[in-house]
Amino acid sequence: MCGIVGYIGGKQAAPLLLKGLEKLEYRGYDSAGLAVVNEGEIIVKKARGRLLMLEEMTEYGACVDGRLGIGHTRWATHGEPNDVNSHPHLSLSGRVALVHNGIVENYAELRSFLSEEGYTFVSDTDTEVVVQLIDHYYRGDPASAVRKAAEQLRGSFALGIVFADRPDLFIALRKDSPLVVGLGRGENFIASDVPALLAHTRQIIRLGELEMAVVTREGVTVYDHFGVKVEHEVLNITWDAASAEKGGYEHFMLKEIMEQPEAFRRTVAPRIKDDGTIELGLQKLSDDALRSLERIYIVACGSSYHVGMVARYAIERMARVPVTVSLASEFRYDNPMIGSETLVIIISQSGETLDTLFALREAKERGARVLSIVNVVGSSIAVESTDVLYTWAGPEIAVATTKAYSTQLALMQLFTIYLARVRGKLTDNEAKAEVNALLATPDRLSALLKDTSDLQFLASLYFNRRDIFFMGRNIDYALALEGSLKLKEISYIHSEAYAAGELKHGTISLIEPGTLVIALCTGASLHEKMISNIREVKARGATVIALTTTPIYIDPEHPNANPDHVIYLPDCGELCAPSLTVVPLQLLAYYVALLKGCDIDKPRNLAKCVTVE
Ligand code: G6P
């Protein structure tokens, strides 16, 4: 959601900024722009639509001179996506330009203050208020002007700011929105995320809350909220640039689906000791703390929330701890009943989802311990949690998550076994058997991914359907929600997921001859109930694709009652089943979207990292 890049160095800035923005396209955007400082002037170029428009307008940056600049991809919040509302925004005087990710909540108040001071506005954005405010305070000291303005801002912001009369520096500042600094030789950078920097450097600093970086060619100085210098650990990014490239696949999403066996292995195997026991590597959460906790809250958004739903079933069954799963955007306003006896587990791929971050803070304020399951090392959620377990999925670029989801599942499965063992609900041998099943999952995933032709065929039969329903019970219901989300987010087909027993209470009225229903029946104990539910929708004319581990009896006497297609999955036990079930759902969504010609990696209106509430 909004991408920011910034550069100062010896090279022409504009082409470099555009390349950086290309790497942030996955975040979701509807316009793009850049501002470059040259000979005492700020040149701003911006355009609605894809980055290509801006690239063509500037001859891929070649026609914009200057060695210092900022760039932006905008995901509209205040004001429609058009050229004027695009970033960067230039102050009325032309002295300051700025890019912003986040929302300034008190912008109306600030706008009227600035109007009284004689400022006029050309856009409908909250961001333009910030640039005028900085301009208002600017007397030749950029850091002091930015600090004064920032003190007046409420809401969330990551900012990159340039000054017409300062070709020697630019400023970056963040609160509740991610921003990283890239350190080069004789050149330095900022970006919303690491992939934008990898062509130039692997040395990065993650700016902390309300920290400001003054970036020059020679170096970067970071200050805290009070203007005191902060020393930061420089992180060395080990994954190579190629892991954020498509590597021969048509889409990142397919590449990331195919990377799941390896990502799963990377996340699980290093945490298993030679004797088959688990070593999670928790720093602060002791076994005693895990033994004494009375309840667990799992809080997340989107697919990460669906992982939480799967984990609830597993934890309650195996470790016998009551679990509540909450949407992060609801949790904050729920007045949740949590305290020191509660463990709050936060699940987030990006570690920057704003609702999830705020939910974490709420939980901490209420005295809960917070364990986060995060993919991005050093992200805000990781840093602010009591303890963090990283999913080692590698960079995930496609907006619709696949491998991050799978590694979150893997880590939650591992945590469940560990918790159950610590609380005496599993014997050593039982725990080892579960661990072995987990260790066998990557090979099973590879086998499933070897041949995708059945799913391509099914997609070719049904890609033009208007509505597609998913149903399942218990864990399969949680999987149905994920399958339905995957399908609708990338193919734009209307889709809903239902707890199969609930169909009769409303949804079944939507089933017409030809409606496609995807029935998940991987849970052996609920198999017969699911077969009854399949018959109910078949009786109303639905077309059914069933996913199962148990053979489905095909009734020759009543051919119309049988599912139209059956996908068999290997039986790997209840805990590991979701890791396999999700794969055909991801592939089906992918191939349906492919046949519909959708923009699979960057679906309309969606963002990879949602940094607004
Ligand atoms: C966005 C992404 C989803 C993701 C959700 C939560 O909606 O498109 O794929 O599941 O945010 O993101 P997080 O980074 O917190 O897991």
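The values are calculated or read from the model by the stated rules, or taken from the named source; none is laboratory data. Predicted model, so just to flag it, every value in this text is computed and none were measured. Positions of Cβ are backbone-derived with ideal geometry, glycine not excepted, and every protein chain shown enters the neighbour counts. Accessible surface is based on the protein model in full, side chains and every heavy atom, while ligands, DNA and RNA are left aside. Shrake-Rupley method; radii C 1.70, N 1.55, O 1.52, S 1.80 Å.
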Odd one out for residue 237 among (1) of a type in the set (A, V, I, L, M, F, W, C); (2) in the same structural domain as residue 70 (by TED's automatic domain parsing); (3) over 30 Å from residue 489 (Cβ atoms); (4) open to solvent by less than 40 Å² (accessible area, probe 1.4 Å): (3)
Just to verify a result, which residue in the range 206-219, among those that are open to solvent by less than 10 Å² (accessible area, probe 1.4 Å) and part of a strand (DSSP E or B), is nearest to residue 17 (Cα to Cα)? 215
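Name the residue that is nearest to the ligand (Cβ to nearest atom), counting only residues in the range 14-52 that are open to solvent by less than 20 Å² (accessible area, probe 1.4 Å) and of a type in the set (Ser, Thr, Tyr).
Only one residue tops the list, namely 26.
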Across the range 478-496, what is the number of residues that are touching a residue at least 24 places away in the same chain (Cβ under 8 Å) and open to solvent by 20 Å² or more (accessible area, probe 1.4 Å)? 6
Go through the residues of the range 222-233 one by one and say whether even a single one is closer than 21 Å to residue 98 by Cα, assigned to a strand (DSSP E or B) and open to solvent by 20 Å² or more (accessible area, probe 1.4 Å). yes
Taking the condition assigned by TED's automatic domain parsing to the domain that holds residue 187, touching a Gly at 6+ places or on another chain (Cβ under 8 Å) and closer than 19 Å to residue 607 by Cβ, does residue 79 pass? no
Run down 449, 458 and say which single residue is buried (at least 19 other Cβ atoms within 10 Å of the Cβ) and in contact (Cβ under 8 Å) with a residue 60 or more places away in the chain. 458
Checking the structure you have, find out if any residue of the range 135-155 is touching a Leu at 6+ places or on another chain (Cβ under 8 Å), part of a helix (DSSP H, G or I) and farther than 27 Å from residue 232 by Cα. yes
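Residue by residue, here is whether (1) within 16 Å of the ligand (Cβ to nearest atom); (2) part of a loop (DSSP other than H, G, I, E, B) holds:
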residue	(1), (2)
280	no, yes
283	no, yes
289	no, no
298	yes, no
309	yes, no
So is residue 596 surrounded by fewer than 18 Cβ atoms within 10 Å (Cβ to Cβ), in contact (Cβ under 8 Å) with a residue 40 or more places away in the chain and under 30 Å from residue 73 (Cβ atoms) or not? yes
When residues of the range 351-375 are filtered for being open to solvent by 10 Å² or more (accessible area, probe 1.4 Å) and within 8 Å of the ligand (Cβ to nearest atom), how many remain? 3
Pairs, please: C-beta under 8 Å, at least 6 apart or cross-chain, first residue open to solvent by 10 Å² or more (accessible area, probe 1.4 Å) and hydroxyl-bearing (Ser, Thr, Tyr) and in the range 287-304, second away from the ligand (no atom under 16 Å from the Cβ) and not in a helix (DSSP H, G or I)? 292/341; 297/323; 297/324; 297/336; 297/338; 297/342; 297/343; 297/368
Which listed residue is within 16 Å of the ligand (Cβ to nearest atom) and of a type outside the set (A, V, I, L, M), from 424, 394: 394
Condition first: closer than 22 Å to residue 475 by Cβ and either touching a residue at least 12 places away in the same chain (Cβ under 8 Å) or open to solvent by less than 10 Å² (accessible area, probe 1.4 Å) (or both). Now tell me which residues in the range 497-515 satisfy that. 497, 498, 499, 500, 501, 503, 504, 507
Answer with yes or no whether residue 104 is open to solvent by less than 10 Å² (accessible area, probe 1.4 Å) and modelled with pLDDT of 95 or more. no
Here's a check for you: in the range 331-350, which residue that is more than 11 Å from residue 293 (Cβ to Cβ) and of a type in the set (D, E, K, R) is surrounded by the most Cβ atoms within 10 Å (Cβ to Cβ)? 332
Exactly one of 492, 477 is more than 20 Å from residue 405 (Cα to Cα) and among the aromatic types (Phe, Trp, Tyr), and that residue is 492
Counting only residues that are open to solvent by less than 30 Å² (accessible area, probe 1.4 Å) and either away from the ligand (no atom under 11 Å from the Cβ) or over 19 Å from residue 303 (Cα atoms) (or both), how many does the range 381-391 have? 4
Go through the residues of the range 134-154 one by one and say whether even a single one is farther than 21 Å from residue 41 by Cα, buried (at least 21 other Cβ atoms within 10 Å of the Cβ) and in contact with a helix residue (DSSP H, G or I) (Cβ under 7 Å, 6 or more places away or on another chain). yes
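Here's the yes/no breakdown for (1) within 16 Å of the ligand (Cβ to nearest atom); (2) in contact (Cβ under 8 Å) with a residue 60 or more places away in the chain; (3) surrounded by 19 or more Cβ atoms within 10 Å (Cβ to Cβ); (4) in the same structural domain as residue 23 (by TED's automatic domain parsing):
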position: 544; (1), (2), (3), (4): no, no, yes, no
position: 555; (1), (2), (3), (4): no, no, no, no
position: 563; (1), (2), (3), (4): no, no, yes, no
position: 583; (1), (2), (3), (4): no, yes, yes, no
position: 588; (1), (2), (3), (4): no, yes, yes, no
position: 601; (1), (2), (3), (4): yes, yes, yes, no
position: 608; (1), (2), (3), (4): yes, yes, yes, no
position: 613; (1), (2), (3), (4): yes, yes, no, no
Determine whether residue 11 is open to solvent by 10 Å² or more (accessible area, probe 1.4 Å), of a type outside the set (Ser, Thr, Tyr) and under 23 Å from the mean Cα position of the chain (by Cα). no
Across the range 179-198, what is the number of residues that are in contact (Cβ under 8 Å) with a residue 24 or more places away in the chain and either assigned to a helix (DSSP H, G or I) or open to solvent by 10 Å² or more (accessible area, probe 1.4 Å) (or both)? 9
From the list 407, 401, which one is closer than 16 Å to residue 266 by Cβ, open to solvent by less than 40 Å² (accessible area, probe 1.4 Å) and within 16 Å of the ligand (Cβ to nearest atom)? 407
Does residue 300 count as closer than 16 Å to residue 411 by Cα and in contact with a strand residue (DSSP E or B) (Cβ under 6 Å, 6 or more places away or on another chain)? yes
